[in-house]
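Worksheet for the structure shown next.
Every number in this text was worked out from the coordinates using simple rules, so none of it is lab data. Given the structure is predicted, the values throughout are model-derived calculations rather than measurements. Because the Cβ atoms are built from the backbone with ideal geometry, glycine has one as well, and the counts that use them run over all protein chains shown.
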Amino acid sequence: MKRKLFFLILFALMALDMPANAFDGKRKGFVIGMGVGVAPMLKWSRSGDDASETKSAFILSWPVGYCWDQRNIIAYSVSISSFNSELLGRVGTMQGIWSLRWYHCFGEPGRSMITSLGPGRMLFNASNGLHASGFGFTAGVGYEFVGHFQFELSYAAGRTSRDREDFNHQILTLQVVGTLY
């Protein structure tokens, strides 16, 4: 019983100390953010025929991860967009990627070039019942213009499958991302 109480008190002290050091402006530790922007190119096509569609849409993203030093961040990132697909009969459609991204910062917080890349899961869903997912990849470049805010240009590509249908996807995004670290 004393041993359990000791570990419980030790855990509580560590948990109380962590928020004091979190989000202190130093690029180290837990990272969370949100991005808003445009996807000037959302392209999808069905493999095996000429059916393809290119749209523009707003995009939202949410990175959550960890900085192990001032220059390297590993984050789980979700980027999604929504549009009406003419090719599918004017139905609401969502296209996006869930990815594990490595971000590398080339300077100190505040004014720094940033690159990112990583594998992910491409998603393609439509309100008519079409749901497909598959492997994707994303890469990006950005610039942190002030602490906690950066512009980011990203490209994602992948292939999704459903039953016997395969779809190819490409997404180009330009967004402003705010992060807390």
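Observations on the structure shown:
- In a fully extended conformation the segment linking PHE106 and MET41 would gain 20.6 nm over its present Cα-Cα distance, using 0.36 nm per residue.
- Computed over neighbours whose Cβ is under 12 Å from that of PHE83, the net charge equals +1, Lys and Arg +1, Asp and Glu -1.
- Between helix 2-21 and the chain there is an angle of about 70 degrees, using the helix long axis and the longest principal axis of the Cα atoms.
- Close amide H contacts of GLY110 (hydrogens built in the peptide plane, cut-off under 5 Å, sequence separation of 5 or more or a different chain): GLY147, HIS148.
- Neighbourhood net charge (14 Å Cβ-Cβ; Lys/Arg +1, Asp/Glu -1) for GLY96: +4
- Averaging the Cα positions of each part gives two centres, and for region 92-126 and region 149-166 these lie 10 Å apart.
- Computed helical MRE - 222 nm, the chain, DSSP H runs ≥ 4 contributing -39500 (n - 2.57), nearest 500: -4000 deg cm²/dmol
- With R₀ set to 25 Å, the beta-carbon distance separating LEU87 from TRP62 gives a calculated FRET efficiency near 0.35.
- Linear extension gain, LEU153 paired with LEU174, 0.36 nm per residue minus alpha-carbon span: 7.1 nm
- Neighbourhood net charge (15 Å Cβ-Cβ; Lys/Arg +1, Asp/Glu -1) for ARG164: -1
- Correct choice for Rg and Dmax of the Cα atoms in Å that was computed from the model, options [x] 19.8, 70; [y] 17.0, 58; [z] 29.9, 116: [x]
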